[in-house]
1. Filter region 184-233 for residues that are part of a loop (DSSP other than H, G, I, E, B), more than 22 Å from the chain's Cα centre (by Cα) and buried (at least 24 other Cβ atoms within 10 Å of the Cβ) and give the result.
2. Just name the residue that is farthest from Leu167 (Cα to Cα) out of those in region 248-275 that are open to solvent by less than 20 Å² (accessible area, probe 1.4 Å) and part of a strand (DSSP E or B).
3. Where residues in region 108-146 are among the basic types (Lys, Arg) and at pLDDT 95 or above, which of them is farthest from Ala453 (Cα to Cα)?
4. Does Glu282 meet the test of being of a type in the set (D, E, K, R), touching a Cys at 6+ places or on another chain (Cβ under 8 Å) and more than 16 Å from Ala453 (Cβ to Cβ)?
5. Could you say whether any residue in region 94-102 is at positive phi and out of contact with any Gly (no Cβ under 6 Å at 6 or more places or on another chain)?
6. Tell me which residues, restricted to region 139-185, are under 24 Å from Ala284 (Cα atoms) and touching an Asp or Glu at 6+ places or on another chain (Cβ under 8 Å).
7. Among the residues of region 276-300, write down those that are open to solvent by 10 Å² or more (accessible area, probe 1.4 Å) and either in contact with a helix residue (DSSP H, G or I) (Cβ under 9 Å, 6 or more places away or on another chain) or within 20 Å of Arg173 (Cβ to Cβ) (or both).
8. Might you check whether a residue that is open to solvent by 10 Å² or more (accessible area, probe 1.4 Å), within 26 Å of Tyr422 (Cβ to Cβ) and of a type outside the set (A, V, I, L, M, F, W, C) occurs anywhere in region 162-172?
Amino acid sequence: MSLTFAPADADATPLYLLSPDGFEDWLPRQSEAAKTWITHAGFGAGLGEALSVPRPDGRMLCALAGYGTEAARKRARFGLAAAAAKLPAGTYRLVSDLTGEALEAEALGWLLGQYVFDRYAQAKAPAARLVAPEGVDAARIEAIAKGEALTRDLINTPANDMGPVALEAAGARLAEAHGAQFHVIRGKALLEENFPLIHTVGRASDEPPRLIEMRWGDSGPKLTLVGKGVCFDTGGLNLKPGASMALMKKDMGGAATVLGLAEMIMALGLKLQLRVLIPAVENAVSGNAFRPGDILTSRQGLTVEINNTDAEGRLVLADALSFGAEDAPDLMISMATLTGAARVAVGPDLAPYFSDDAAFVSALEAGAARAQDPVWRLPFWEPYEEVIEPGIADLDNAPSGGFAGTITAALFLRRFAGATNYAHFDVYGWNPAAKPARPKGGVGMAARALLEALPVMLKL
């Protein structure tokens, strides 16, 4: 599947993107036949409306896409993609007053709306193609769409075909495609090289745990991306109820998102030194599974009391973050499907994040608005530090009480980030219902916002 624009010289039908006010000005200028057709069809330029307008001989004259009112657009994203899904097969050339960021966002939304996951069953992609609108960076938009498609594919693939071995293979393919260095530490070698938490969480699975590392770029500021790669989470000995396991194939959504972001960064040739770290494990149940009450020692030397084996993501990230910090990056970012509390707080559309760097926050918020990739800042609230300190060990992986679970998890991770400029994203990675440009299933969150922010944050 290729999410690309139609050739610039393609024979394309004009597609008018119209708001209700613009439609009122546009309609009187059309032929009587066209006005009659459009009026009888009831087209009113509402957000996501679409209409094909024929010539007298039956061939298509043009097509219309409703852009809705400003109030309607505030409650939705990617209005053009909503209309595109209703258009008949063909190639279209956009006619619109949109410019700049708004035009870029709608063009990207069109490509994202072409995505289908068809690995296991035939799926029909939308048949309408778009010539890249004048004034947009088509190559950049296509690179972003390709990275997003990678993330969606990885999340959508079930755990029987996307375990630690397959996740490693996906990373290797990406590294090879862009000439990146690729290194993996597997199984008992994790203990020999001092990654005890990654090994402990993943040792109960038939597929050995591993730490995946990719490096790309030889100059510029250092960026380290750390993605949670729990390929399936049973909950361990604190076994999840069956219903709670239903979506656990997406528990590697953080890893999928950083790989998608890495695809974008490398394809666009950003002048930075990229490092990707993915602890890839399955949290399984067997005789050697780690237990509630165990006290484990991390790579950094901090001890962790295990009060719930279902809070395993922060454990594998802890060792990976410690390893990442040893390289003294200019910016380190972790992405993880870490807590249900994040979903309770902000729902499935927003990516909550944590950062104490005002410059990062400013760049990210602006980038999120440009990319139509919403984020929401939560605090590293230091008075809650005592909640993750059980007394019997340095840290508690699952403090009791249930309050502020997203924040206490972020505070736990920050203990392992050293002195680096660190930001953490607690993503969901899943669309519970289809929306324009975002079909039901796996989805990237915050990657596009970060891509927009990095040049400002790292002074590229």
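1. Those that are part of a loop (DSSP other than H, G, I, E, B), more than 22 Å from the chain's Cα centre (by Cα) and buried (at least 24 other Cβ atoms within 10 Å of the Cβ): Phe195, Pro209.
2. Taking the candidates together, the pick is Leu274.
3. We begin by selecting, within region 108-146, every residue among the basic types (Lys, Arg); these are 119, 124, 129, 140, 146.
If we keep only those that are at pLDDT 95 or above too, we end up with 119, 129, 140, 146.
Values: Arg119: 33, Arg129: 29, Arg140: 15, Lys146: 19 Å.
Only one residue fits best here, namely Arg119.
4. Details: of a type in the set (D, E, K, R): yes; touching a Cys at 6+ places or on another chain (Cβ under 8 Å): yes; more than 16 Å from Ala453 (Cβ to Cβ): yes.
In short, yes.
5. In the first step, residues of region 94-102 are kept if they are at positive phi; the result is 100.
Now narrow it down to the ones that are out of contact with any Gly (no Cβ under 6 Å at 6 or more places or on another chain): 100.
Within region 94-102 (the criterion being at positive phi and out of contact with any Gly (no Cβ under 6 Å at 6 or more places or on another chain)), the answer is yes, since at least one residue qualifies.
6. Ala159, Gly163, Pro164, Val165, Val184, Ile185
7. Passing the criteria: Glu282, Ala284, Asp294, Leu296, Thr297, Arg299, Gln300.
8. Scanning region 162-172, I find at least one residue that is open to solvent by 10 Å² or more (accessible area, probe 1.4 Å), within 26 Å of Tyr422 (Cβ to Cβ) and of a type outside the set (A, V, I, L, M, F, W, C), so the answer is yes.
The values are calculated or read from the model by the stated rules, or taken from the named source; none is laboratory data. Just so you know, these numbers come straight off a predicted model, no measurement behind them. Don't worry about glycine lacking a Cβ; one is built from the backbone with ideal geometry, like all the others, and counts go over all protein chains shown. Please note that ligands, DNA and RNA were not included when accessible areas were found on the heavy atoms of the full protein model with its side chains. Shrake-Rupley method; radii C 1.70, N 1.55, O 1.52, S 1.80 Å.
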